[in-house]
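Below is one structure, written out as C-alpha cells; comments come after it.
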Amino acid sequence: MPFRQAGANGAEDQGLVSLVMKLDKLVEDTAILTTLEEYSIAAYSGDAIVAENNLVFGSMSHCGPDALLSAFPVMDAIWTFCIAPKAGWPVRGENSTVIITLAMLATLTTVIVFVVVGVLRARESKAKTQLWEAIEAINDGFVLFDKDDRLVLCNARYRELYSASAPVIQQGAKFRDIIEYGAWSGEYADAVGNEAEWIEERMAAHRDPEGEQEQRLVNGRWIKIAERKTSEGGTVGFRVDITDLKQAQHEAEAATRAITEFLTNINHEIRTPLSVIVGFVKFLARPEMLTSYKTMEKSFEADNSDPDRTRETVAAYSSDIKKCAVRIEKSAAHLHSLVQDTLDMSKVVDGGFNLNPEQVNLGLLVTECAEQFADEASRKGIDLQVDVSAVEIMADPLRLRQILFNLIGNAVKFTDSGHVNISNETGEDDTVIRIADTGPGIAEEHRQRVFEKFWQIDGTVTRKHGGTGLGLAISDALVKLHGGEIWIETGEDDTGAIFFIRLPLVQPPRCAA
C-alpha cells in the first residue's frame with residue numbers, strides 16, 4: 001500500500017509497502033477452516049434488494065440482523081459478505097472478543113480469496129478471449145484436434161473452406177468422421193470415385209504429418225494443408241486458400257506453353273519462305289540449271305535461223321525467270337508479314353503503339369481491303385460480299401486497314417465453301433462492322449481467349465494455313481486503342497463465325513499507355 005510521511009527536514013517521504021501472506025500457512029496456523037465450520041457465511045453482489053438473484057454462496061438468511069456485513073469493490077461490482085456464528089453471538093464473556101476477531105479474520109480471508117480468484121479468472125477469461133479473437137481474425141483456417149483426434153476448436157474460416165462438411169464440424173467430432181463425411185459428400189475433387197482409398201491416404205498423412213499438402217475441392221478452390229503434432233499428442237493445423245496462386249501458376253504455365261508453341265510455329269513459318277528464297281535465288285545465280293536456259297542454249301548452238309523458234313525459247317526462259325522472281329517476291333512478302341506481326345506484337349506487349357487519326361471513308365476502305373482477297377475467294381469458290389455504308393469515322397487508316405486485313409483474311413482463309421459477308425450498322429455515336437463467314441467457327445470456350453497474346457486454339461491449324469497466329473491479338477489491341485471493342489459470335493444455324501468491331505465516329509483515338 002502507498003504511504004506518505006513527513007521527514008525531519010519538513011519534506012514529504014513517499015513509498016510503497018507490500019504485505020505478502022501465505023494463505024495456506026495462515027489457514028494452518030490459525031485453524032481457520034475448523035473455526036469457520038461454526039459460522040454461517042454468505043456472499044452476494046449488487047443491491048441487497050435483488051441479492052437473491054446475485055447470491056454466490058450461502059443463503060440470504062445468513063445476512064440477517066445478527067450477521068456481520070462487510071462490503072468491498074471486487075471486479076467492477078460491490079460484493080457484500082455476511083458472517084454470523086451458528087450458535088449466535090455471545091452477549092458477554094471472555095471469548096466474545098476472540099470470536100469477533102475470528103469472524104473478522106474469516107471475512108477478510110474470504111474477501112482475499114474472492115479477490116485473488118476473481119482476478120485470476122478475469123485474467124484467464126481475458127487471455128482466452130484475446131486468443132480466440134486472434135484465431136478468428138486469421139484469414140486462414142485454423143483447427144485443433146486432441147490426442148484422441150477429436151475436434152477441440154476451429155475458427156469460422158475453417159468451416160467456410162469446408163462448407164459441405166460444416167454439419168459434422170462440431171466440438172468432439174473425430175477427424176476421420178469429418179473427412180469421411182466430406183469425401184462421401186463429394187467435397188474433395190481427388191476423392192470422387194475413389195473415396196475409400198483417398199480417406200486412408202488422408203488419414204495416413206494426418207497421423208504422421210510431414211511437410212505440406214495441396215488439396216483440390218470440387219468448388220474449384222485449392223487448399224494448402226499444414227499440420228503439426230503437439231507435445232500432448234494432439235494435432236494443430238492451418239488451411240490456406242491458394243486458389244489465386246494456383247490460378248496464376250496455371251496461367252503462367254499456359255503462357256509459357258503458348259509462347260513455346262508460338263516460337264515453334266514462327267520458326268516453321270520463317271524457314272519456309274527462306275527456303276523458297278534461297279532455292280530460287282540459286283536459279284537466278286546459276287541460270288544454266290534451268291531447263292529453259294539449256295533449251296535456249298542448244299537452239300543458239302544449232303544456228304537455227306528460225307526466229308519464231310528462238311523467240312519461243314527466249315520466252316520460255318524469261319517465263320522461268322519470272323516464276324522464280326514471283327516466288328521470291330511472295331516468300332519475301334510473307335517473311336515481311338511474319339516479321340511485322342512479331343514487331344507489332346512486341347509493341348502490344350510494351351504498349352508502344354501510337355495512332356495518327358484522320359477522317360476515313362469506312363465504305364471505301366473496307367472495299368479496298370476486300371478486293372485484296374477477291375482472287376483467293378474466287379479460286380475457292382467463296383462468295384465475297386461487301387455492303388458497307390460510306391460513313392466517315394475518325395481513325396488511323398493504316399491501323400484500321402491492318403485490322404480489316406486480319407479479319408477478312410482469316411474469314412477467307414478458313415472458309416472452304418459458302419460466303420464471307422462484310423456489312424455495318426451505324427448509330428448516333430458509333431458504327432459496328434460485321435464480318436461473317438461460313439467456316440468451321442470457334443467454340444464458345446475459346447471465344448474470349450482467341451484475343452489473348454500468343455494463344456492459339458491449335459498450333460497445327462496455324463501451321464496448315466500459315467501465319468503467326470497473332471493477328472487477332474494485334475487487332476484487339478488496335479481496336480481498343482481506337483476506343484472501340486471487338487467480339488465474336490456464332491453464325492446462323494451454329495455455323496461459321498461473326499466478328500464484330502465497334503468503332504466510335506468522332507471520339508479521338510488514344511495513344512498506347
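List, in the order given, every pair from 224/347; 330/480; 323/380 whose Cα-Cα distance in the structure shown is over 28 Å.
On the way: 224/347 39 Å; 330/480 31 Å; 323/380 22 Å.
In this structure, 224/347; 330/480 lie more than 28 Å apart at Cα.
Just subtract the alpha-carbon distance of residue 38 and residue 170 from 0.36 nm times their residue separation and send over the number in nm, one decimal.
Working: separation 132, 0.36 × 132 = 47.52 nm, distance 4.81 nm.
Length gained between residue 38 and residue 170: 42.7 nm.
Can you report the principal axis dimensions of the range 113-248 using only the alpha carbons, biggest first, rounded to whole angstrom?
Between the extreme Cα coordinates on each principal axis of the range 113-248 lie 62, 33, 29 Å.
Using a cut-off of 16 Å between alpha-carbon atoms, which lysines can reach residue 147, once sequence neighbours fewer than 8 places away in the same chain are excluded?
Cross-link targets: 174, 229.
Measure off 7 Å from each Cα along the Cα-to-Cβ vector at residue 332 and residue 372, then give the distance between these two points in nanometres to one decimal.
Label at residue 332, label at residue 372, 1.8 nm between them.
Computed FRET efficiency, Cβ-Cβ of residue 140 and residue 78, R0 60 Å: what is it to the nearest 0.05?
Details: r = 45 Å, r/R0 = 0.74.
Efficiency for this residue pair is about 0.85.
Residue 353's amide H: which non-local residues (gap 5+, or another chain) put their own amide H closer than 5 Å, with H modeled 1.01 Å from N in plane and none for Pro or chain starts?
Close amide H contacts, sequence-distant or interchain: 512.
At 0.36 nm per residue, minus the direct Cα-Cα distance, what do residue 87 and residue 224 gain on full extension? Give it in nm, one decimal, please. Kindly include the intermediate steps, with their values, before the conclusion.
Numbers: separation 137, 0.36 × 137 = 49.32 nm, distance 7.03 nm.
Contour length minus the Cα-Cα distance gives 42.3 nm.
Hey, with R₀ at 51 Å, roughly what FRET efficiency would residue 70 and residue 163 work out to, going by the Cβ-Cβ distance, to 0.05? Intermediate values should be presented prior to the final figure.
Details: r = 56 Å, r/R0 = 1.09.
FRET efficiency, residue 70 to residue 163: 0.40.
Enumerate the amide H contacts of residue 430 below 5 Å, restricted to partners 5 or more residues apart or on another chain; note that Pro and chain-start residues carry no placed amide H.
Amide H neighbours of residue 430: 505.
Whose amide H sits under 5 Å from the amide H of residue 40, counting only residues 5 or more places off or on another chain, with H placed in the peptide plane?
It is 84, 86, by chain and number.
Every read-out reported here was derived from the displayed coordinates using simple, explicitly stated rules and does not represent laboratory data. Everything quoted here is computed from the prediction, not taken from an experiment. Ideal geometry is used to build each Cβ from the backbone, glycine not excepted, and the neighbour counts take in all protein chains shown.
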